[in-house]
Structures are given as structure tokens and as C-alpha cells.
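Student: Sharing a structure with you now.
The values are calculated or read from the model by the stated rules, or taken from the named source; none is laboratory data. Everything numeric here is computed off the predicted structure, so don't read it as measured data. Ideal geometry is used to build each Cβ from the backbone, glycine not excepted, and the neighbour counts take in all protein chains shown. Areas reflect the complete protein model, heavy atoms only, side chains present, ligands, DNA and RNA absent. Shrake-Rupley method; radii C 1.70, N 1.55, O 1.52, S 1.80 Å.
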Number of protein chains: 2
Amino acid sequence: MRKDSRLSRMLHVLIHMNQLDAPATSEKIASMLNTNPVVVRRTMAGLRDKGYVTSVKGHGGGWSLVMALSDITLLDIHNALGESSVFTIGLSDEHTSCPIEIAVNQAISDVLIEAEALLLERFREVTLDVLAAGFADYPLNQQASSGE
Amino acid sequence: MRKDSRLSRMLHVLIHMNQLDAPATSEKIASMLNTNPVVVRRTMAGLRDKGYVTSVKGHGGGWSLVMALSDITLLDIHNALGESSVFTIGLSDEHTSCPIEIAVNQAISDVLIEAEALLLERFREVTLDVLAAGFADYPLNQQASSGE
DNA sequence: TATTAAATAACATCATAAGTTACATGAAAT
DNA sequence: ATTTCATGTAACTTATGATGTTATTTAATA
């Protein structure tokens, strides 16, 4: 089943953006992600609507972070991307009045709700600066990160 | 994103099969699920390979439960369906040596692993007879369930 | 006013799950 | 024996939804 890697990609982009002093154009972000500027705009639009980044048109324009990485959690970005459910597992709906279908769906749904609650709670506990700090620990980038 | 309702559907089918005294044909199961006999065979094949059901060709043939519902858990059927991951969330892999990508993916992966472990544990705790019992409690089916 | 870059609509491509057709295998009824 | 019924499986088609692309508009700076 298809995977949605937008969360991973956007986190990656945001942390890189934090290290820049000028806005990043959709073009640059796209080439970094091996994708297309329009796809970048489409995805970043959700983050802009929630206030995590801004976009500026014209010369010197592009995308910029609005707040510190320490003020953004994985959950924030996850929510901003607006994916309905994190699970590939769905419920049947052929016989919505069949008590067996109801019992089965209720059981599955209970589990999905609990697991999703845990996942969202964990996402809420991680801020982006922590991920950037993990990056600073990486040997190859000691000098680059010490300059930040 | 697309949902996989095979778990829900198969559980539904297995509990109904438990109430029958003759094998259920792929045709019958398919019409119950508003789908196609070949799709049913394809899906049930996984359950057969794990020993939860048998299939018999020819006259009077079809699919039968091999064991009691109390011996089958949601996890058993989930595993038998052979879906790799329960999450729609995936990781990026454009820059596998970029320490930021690594840190981001590690953080997401940690959360997914923990949430999936919880989900599988909960699936492991539920046997199909419990779902069938929930069905027995349902007012409309008091008489049907008392005859079982 | 020319250039740069986002905003957005409309359309095309691609991946993959589900559905379908066709034929082979095997078991039971006649 | 032969017909019928039902699964097994390969090969192909369809449907869906995300991603990618093109084209045009809007707005900001050089």
C-alpha cells in the first residue's frame, strides 16, 4: 500500500530552512526533494495556513519559517498536512445494520483509536529543535552545526 | 488515502461461517461482501495457508473454519492477510546520508514502532468468539444466538 | 517595465488495489 | 464415464487517488 512521506519530507525541509538566512524558493525545495515546485507549494500551503511558514512572492521571495523550531512539534506538522487517518486499515460498510459487522468494526475501531492516540501523543512530545540537535551530534557536521 | 478493509471483512465472514454447518462457497461470500469470488479466494488463501480455514473443491465444497473462534485472534487474521505496515505514514529516502533526514526518520520511526506494537498487542488480546458474543447481545438476534 | 516567484486551475501520469476473464484441477453427483 | 460444481491461478482490465506537469494569473522587487 502506498505511503505518504510528506511528514518526513516537510520536517526535513523545515529544519534545513532554519539554517538559511534567506527564503527558500519552491524550486530549490523541489530539487532537494526530487519533486516539482507545484507539489511543494501544494504541501507547504497547509503549513502556511497554520502559521508555521510564510510565503513571499517576487524577487527574493520564497518560503520562510515563522517561529523557532522549538515551537513546532511533529504533531503540528502532521495536523497541518491534513491527512485524515494514519492507518491503512479501514472498516467495512456493506451491512451497517449487521450486528456482526458492527461488533467487528467496533473492536477494530477501539484499537485504532487507542493506537492513534498514542501516536499523536508521541508526535506532540517531539519538537523540531530536538531533531536538529540530533543532527548536530552527527560527526560529519560538527563544524557546520557549531556555526549555527 | 485508500483503506484496506480486508481485516474487517474477513472477520465478519469468519464469524458468519461459524454459524453455518456447510462450507461457504466463494460465490456466496463474494455476494455477501459485494465483491467477486476470485477476490475472495485470493484473500482467503492467506487464512488457509495459516491453517485457520480449509477449502474444498467440487460438489459441496467451499470454505470452512478449521478451529473454534476462541482460538483465533484479530492479530492472527491481521497477520494472515500479510499487509506489511498498518500506517499510511512513510519515510523519505532522497538523502539517506543526510543527518537531518536520518534524525527525522528515526523520530518518526520510533513513534510508528511504538504505536504499531500497541496495536498488535491489542489485536492479540481479542479472540473472535468475543466479537460473536457481542453479536449475541444484540436485541434483534437474541433468538438466533440462543439457538447456537 | 522586466524579472522573479508564489497561487491556482486544469490536466496527465503512475502506482496499486480491486475486479474480471479464462482456463486448469479436482471432487462429487448422475 | 461424464457432467457439474467449486477452487486455484495466471493474465489482464479497471478504478482510484496521489503525484507530477503545464499554463496562466498575481504580486513584489530590481
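Student: Report the residues of region B:114-131 in range of a label on B:LYS50: point 7 Å along Cα→C-beta, backbone N strictly under 13 Å from it.
Tutor: B:120-121, B:123-128
Student: Also, I was wondering about something else. Here is the link list: A:LYS3/B:LYS28; A:LYS28/B:LYS3; A:LYS57/B:LYS3; B:LYS3/B:LYS50; B:LYS28/B:LYS50. Which ones come out longer than 28 Å on Cα distance? Could the numbers behind the result be given before it?
Tutor: On the way: A:LYS3/B:LYS28 33 Å; A:LYS28/B:LYS3 33 Å; A:LYS57/B:LYS3 38 Å; B:LYS3/B:LYS50 24 Å; B:LYS28/B:LYS50 22 Å.
Beyond 28 Å between Cα atoms: A:LYS3/B:LYS28; A:LYS28/B:LYS3; A:LYS57/B:LYS3.
Student: At 25 °C and 0.890 mPa s, grab the translational diffusion coefficient of region A:1-75 from Stokes-Einstein with a Kirkwood Rh over Cα pairs, rounded to a whole number in µm² per second. Kindly include the intermediate steps, with their values, before the conclusion.
Tutor: Values: Rh = 12.6 Å.
It comes out at roughly 194 µm²/s.
Student: Can you pull the semi-axes for chain B, root of five times each eigenvalue of the Cα gyration tensor, sorted largest first, whole Å?
Tutor: On the way: eigenvalues 265, 72, 33 Å².
Semi-axis lengths for chain B are 36, 19, 13 Å.
Student: At 7 angstrom along the Cα-to-beta-carbon line, where would the label on A:ALA133 sit relative to the other copies? Give the distances in nm, shortest first.
Tutor: 4.8
Student: Right, here's the next one. Nearest 100 Å² is fine: what is the total accessible surface buried where chains A and B meet, probe 1.4 Å?
Tutor: Details: alone 9790 and 9800 Å², together 14830 Å².
So the buried area, both faces added, is about 4800 Å².
Student: Under the convention of a label 7 Å out along Cα→Cβ, give the distances in nm from B:ARG48 to the same position in every other copy, shortest first.
Tutor: Distances to the matching label points in the other copies: 5.5 nm.
Student: May I ask you to list the residues of region B:24-54 whose amide nitrogen lies under 15 Å from a point 7 Å from Cα along the Cα→beta-carbon direction of A:HIS95?
Tutor: Only B:24-35 pass the distance filter.
Student: Next question, about the same structure. In nm, give the distance between the simple-model label positions of B:SER85 and A:ARG124, each being 7 Å from the Cα along the Cα-to-Cβ direction.
Tutor: 2.4
Student: One decimal, nm, shortest first: give the distances between the label point of A:ASP71 and those of the same position in the other copies, each label point 7 Å from Cα along Cα→Cβ.
Tutor: List, nearest first: 6.1 nm.
Student: May I pose another question? Taking only complete DSSP H runs, can you tell me which helices of chain A stretch 27 Å or more along their own long axis by Cα positions and average at least -1.0 on the Kyte-Doolittle scale?
Tutor: On the way: long enough: A:99-125 (39 Å, 0.45).
Helices meeting the criterion: A:99-125.
Student: Averaged per residue, what accessible area in Å² does the protein assembly as shown show with a 1.4 Å probe, protein chains only? Please report the intermediate quantities before stating the final value.
Tutor: Details: 14830 Å² over 296 residues.
Value returned for the protein assembly as shown: 50 Å² of accessible area per residue.
Student: If you don't mind, there's one more thing I want to ask. At 1.4 Å probe size, what's the solvent-accessible area of A:THR73? Round to the nearest 10 Å².
Tutor: Looks like 20 Å² after rounding.
Student: How much of the accessible area of region A:6-146, probe 1.4 Å, is carbon plus sulfur, in whole percent? The partial results should precede the final answer.
Tutor: Details: 3550 of 6790 Å².
The C+S portion of the solvent-accessible surface of region A:6-146 is 52 percent.
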